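Coordinate-derived values only; no laboratory data. The model shown is predicted, which means the values in this text are computed figures rather than measured ones. Here the Cβ positions follow ideal geometry from the backbone for every residue, glycine too, while neighbour counts run over all protein chains shown.
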Amino acid sequence: MLVERAKDLERALRAPVRCVEARLDPYKEDAGALPKLLGEIAASKTLIVTARSAAEGGLFKGSEEERLGLYLKALDAGPHYVDVEASSGIAEDVVKAKGGAKAILSKHDFGGTPDLEVLKGWARGALSRGADVIKIATMARAWEDNFKVLSLIGAFEKPVVAFAMGPLGLMSRIFAPLMGAPFTYAALDAPAAPGQLSYGAMEAIYSSLGIYSNSTSLRDMRIALDAIDSALMHLLKLRLEVCRDIGRLKKSLGLSVYDDSREEEVLKRAGDFKQLFDLIVQMCKAVQIVTPI
């Protein structure tokens, strides 16, 4: 998530997520407060810290010396991972200062997806500079670009996070962790990169695939439950949005908001969840009533 103020980190701490990437490049407040806030997140979640450069899509406006200082401040919090661009002039300094954190050396190409040999060259370059994890994100211009980046996963002696950005790259974001990438990226609020789905949408997809069905410990089961709750909330919000559009269309056509036969059909389909769906239907009807044309 993009971190502009301390309250952004406080929100991440409360969120039902297991891993947080704190993008510190747009941070506007006193950096002295960062170690405490980041440390609280690292104590309960997997924490990645980064301060992305403008050269690779970031928002940092200071000098490279200032950016390195921000990294060093963040490293005082004991994050699990620190992400810096592999080609950056401060990459070696960040790797040396990482302490117990693992170094993600990354490459972001917003222009497109080059040939596979170029992608492999980027990965080898990251390894040569001390990467514990390689990250490569490119812009998808064709469906085939997904397969190029995904083929990097498992191809090197270190873990690889690889996916394509933009609408055409959506499938690679979903499939990357299923193919062995240690994690993928979703938006806690506003997307931080093109094509990034919301956390709730990603959890809805993984829940439908049965990703959480093998949980055995109480902690894992609770994590799975939190993920499923996020998926349910995302789907309920989506249902409300669709109902709002239906209400707007009905009014434009001069139709009644109420449709008893449709309501009966939905409740019949709900089965054992009829009582719950009755509440959902009533909520959606209320949204349709107040929706303007």
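Principal-axis analysis of the Cα atoms of the chain puts helix 218-252 at an angle of about 50° to the longest axis.
So which lysines pass the test for Lys251, namely a Cα distance under 30 Å, with those fewer than 8 places away in the same chain ruled out? Cross-link targets: Lys237, Lys268, Lys274, Lys285.
Computed extension length for Phe147-Ser87: 19.2 nm, one decimal, from 0.36 nm per residue of separation with the Cα-Cα distance subtracted. Dividing the convex hull volume of the alpha-carbon atoms in the stretch 128-171 by its residue count gives 68 Å³ per residue. Structure note, pairs Lys28/Lys96; Lys107/Lys158; Lys102/Lys158: Cα-Cα distances above 18 angstrom occur for Lys28/Lys96. Here each label is just a point 7 Å from Cα along the line to Cβ, and for Lys61 and Ala190 those points are 1.4 nm apart. Residue order for Cys243, Cys19, fewest other beta carbons within 10 angstrom first, comes to Cys19, Cys243. The phi-based Karplus calculation (6.51 cos²θ - 1.76 cosθ + 1.60; θ = phi - 60°) puts the 3J(HN,Hα) values of the stretch 12-24 at 5, 5, 7, 5, x, 10, 9, 9, 10, 9, 8, 7, 8 Hz, whole numbers, x for Gly and Pro.
Distance in nm between label sites at Gln275 and Arg222, each 7 Å beyond Cα in the beta-carbon direction? Result: 2.7 nm between the two label points.
Fewest to most neighbouring Cβ within 10 Å: what's the order for Thr291, Thr113?
Ranked by crowding around the Cβ, least crowded first: Thr291, Thr113.
Normalised by residue count, the stretch 30-87 yields a Cα convex hull volume of 84 Å³ per residue.
Here the stretch 6-192 is described by how far its Cα atoms reach on the three principal axes: 44, 34, 29 Å, from widest to narrowest. Computed from Cα positions, the angle between helix 199-208 and the longest principal axis of the chain comes to roughly 70 degrees. Classify the stretch 220-290 as rounded, prolate or oblate from the Cα gyration tensor: take a ≥ b ≥ c as the square roots of its eigenvalues, call it rounded if a/c is under 1.5, otherwise prolate when a/b beats b/c and oblate if not. Verdict is oblate for the stretch 220-290. Just checking the listed ones, Thr46, Thr138, Thr216: in the Gaussian network model of the chain with Cα springs under 10 Å, the one fluctuating most is Thr216.
Between Ala97 and Met283, residue separation times 0.36 nm minus the direct Cα-Cα distance comes to 61.7 nm.
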